[in-house]
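Engineer: Right, I'll just put the structure down here and ask away after.
We did not get these values from a lab; they are worked out from the coordinates using the rules stated. Computed from a prediction, not measured in an experiment: that's the story for all the values here. Heads up, the Cβs are rebuilt from the backbone with ideal geometry, glycines too, and the neighbour counts pull from every protein chain shown.
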Amino acid sequence: MELEVYKITGEKTGRTVALNDEIFNVAPNDHALYLDAKQYLANQRQGTHSTLERSMMTYSTRKIKRQKGTGTARAGSIKSPLFRGGARTFGPEPRDYHFKLNKKLKKVARKSALTYKAQGNNIIVIEDFTFEKPKTKNVIELLSKFKDLGRKVLFVVPDSNPGLTLSARNLPDTKVAMAGSLNTYEILNANSMVFLESSLGKLEQVLA
């Protein structure tokens with residue numbers, strides 16, 4: 001597949017760039033996509049959730065009422081989960097949600113996600129650029145030149161690009177990622193991807 005290369009102004013440069021079929025035209029593996037996205041989201045979880053069990057509470061341990069003759073159920077402790085302020089039954093405990101995936105599977109997942117984006121015509125290529133001073137206005141003006149990008153846009157840069165990254169960070173639906181560390185969830189979560197031209201070469205080094 002060949003794509004037009006655009007200028008930052010939204011005009012065509014008259015050049016085209018070929019997308020590598022080994023990355024952007026593979027047989028998608030939906031289960032690999034699911035596993036890789038699931039791992040990314042799981043790894044974001046802190047897992048610090050916790051509740052008080054009976055053994056953790058410091059209430060009095062005396063029997064709160066006599067065993068018989070009250071006409072109600074027997075009760076031996078104010079810590080009981082049946083009472084307001086009591087312990088919680090089977091509550092969440094701190095845990096680690098991280099899990100590992102095979103590197104080959106993760107690579108298949110990223111290629112599958114990029115293939116879906118290419119098949120949906122949700123990829124555009126722009127000449128390499130950076131902003132001298134970080135300004136949110138710069139990114140807003142850039143996005144206004146391309147009307148069909150959708151709400152969520154992912155910029156893919158070859159290396160660290162502070163001018164673009166700092167300019168985009170105040171826009172909640174605009175993200176910037178380096179080609180070498182691109183992950184499946186970021187690709188799937190974006191409506192459109194904007195590749196800086198040289199980032200395609202970086203991507204080939206990682207995935208091809």
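Engineer: For the chain, modelled as a GNM with alpha-carbon contacts under 10 angstrom, which of L149, L52, L166 fluctuates the most?
Structural biologist: Greatest mean-square fluctuation among the candidates belongs to L52.
Engineer: Right, something else. I'd like the distance between the alpha-carbon centres of the stretch 118-191 and the stretch 21-97, rounded to an integer number of Å.
Structural biologist: Answer, in whole Å: 39.
Engineer: Report the net charge of residues surrounding L149, where surrounding means a beta-carbon distance below 13 angstrom and charges are Lys +1, Arg +1, Asp -1, Glu -1.
Structural biologist: Local net charge: +4.
Engineer: How big is the dipole moment of the stretch 51-91 about its Cα centre under a simple scheme where the beta carbon of each Lys and Arg is +1, that of each Asp and Glu is -1, and everything else is neutral? Debye, nearest 20, please.
Structural biologist: Magnitude of the dipole: close to 260 debye.
Engineer: From the residues T58, L203, N189, which one has its Cα farthest along the dipole of the chain in the positive direction, the dipole being from +1 and -1 charges on Cβ of Lys/Arg and Asp/Glu about the Cα centre?
Structural biologist: So the residue we want is T58.
Engineer: Kindly provide the trypsin sites (Lys or Arg not before Pro) of the stretch 113-208 that DSSP labels as loop, not H, G, I, E or B, and whose Cβ sees at most 10 other Cβ atoms within 10 Å.
Structural biologist: Answer by residue number: K147, R151.
Engineer: Which value, in debye to the nearest 20, gives the size of the charge dipole of the chain about its Cα centre, when Lys and Arg are +1 and Asp and Glu are -1 at the Cβ?
Structural biologist: I would put it at about 2280 debye.
Engineer: Considering the values (i) 190; (ii) 169; (iii) 113, which represents volume of the Cα convex hull per residue in Å³ as calculated for the structure under consideration?
Structural biologist: Label of the calculated value: (i).
Engineer: Give the range of the longest stretch in the chain that excludes all chymotrypsin sites (Phe, Trp or Tyr not before Pro) found in loop regions by DSSP and having at most 11 other beta-carbon atoms within 10 Å.
Structural biologist: My reading of the result: 100-208 is the longest stretch.
Engineer: Hey, another quick one. Between the DSSP loop rule and a limit of at most 16 other Cβ atoms within 10 Å, which GluC sites (Glu not before Pro) in the stretch 87-181 are left?
Structural biologist: Sparse-neighbourhood loop GluC sites (Glu not before Pro): E127, E132.
Engineer: Okay, next question. Springs between alpha-carbon pairs under 10 angstrom, Gaussian network model over the chain: which of A113, A177, A87 fluctuates most?
Structural biologist: Fluctuation is largest for A87.
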